[in-house]
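Below: the structure, in structure tokens.
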Amino acid sequence: MQLDPATLIVALLSISLLASPFLLDMLSRRKKSRLLLRALQDLAQKNQCTVHQHGICGQHAFGIDEQRNMLFHLDQEQPQATAQVVELGHVKLASAVPVAAKAGSGLAQGQHERVELHLMPRQVHQAPIRVVLHQASHGAPTGDELPFAQDWAQRINARL
């Protein structure tokens, strides 16, 4: 079977037109991820630290300086970006906490209203540090927030 050049050109153009949105989306996500990592490294550098481990989920980035035992969190969600720096020497336990949706909240069964990472301090009188990774009022979940929070809770607990 032999294809004439016109059919081959039309087929290649069709394939490229169908694939281009996926390619552009992938490139855009990669660029956002690099910018978020750069901002996380800048936050660490302001505290005279270096990011040795990092992770990115959506608009959230975590980083750990293994030498100074510091945790960095950057949240680029709109309308306001927030940054947190936590000295892990003051933390005794990290845990991922999914907050289940209440009946009548408009969320489907099994969806989480919030996903948080709790850092429990060594000092009893201090309140735990809560990092909200997903809140139902801020948009649809990607589904990656809970495994991401569990992974980082495990990494942090390994350093304690």
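Overview of values
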item: Length-normalised contact order for the chain - Cα pairs under 8 Å, 6+ apart - percent; result: 14
item: For residue 100, residues with placed amide H under 5 Å, excluding near neighbours; result: 113
item: Segment 1-90: mean projected area of Cα convex hull, nm²; result: 9.4
item: On Cα atoms only, tilt of 5-46 relative to the major axis of the chain in degrees; result: 20
item: Tilt relative to the chain, helix 145-159 - C-alpha long axis, 0 to 90 degrees, to 10; result: 50
item: With at most 16 neighbouring Cβ atoms within 10 Å, loop trypsin sites (Lys or Arg not before Pro) (DSSP) excluded, longest segment of the chain; result: 1-67
item: Debye, to nearest 20: dipole size of the chain, +1 on Lys, Arg Cβ, -1 on Asp, Glu Cβ; result: 380
item: Over the chain: Rg over Rh, Cα atoms, Kirkwood Rh; result: 1.16
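Each reported figure results from applying straightforward, stated rules to the coordinates on display, with no laboratory input. Fair warning: this is a prediction, and the values are worked out from it, not measured in the lab. A quick note on method: Cβ atoms are made from the backbone with ideal geometry, for glycine too, and the neighbour counts reach across all protein chains shown.
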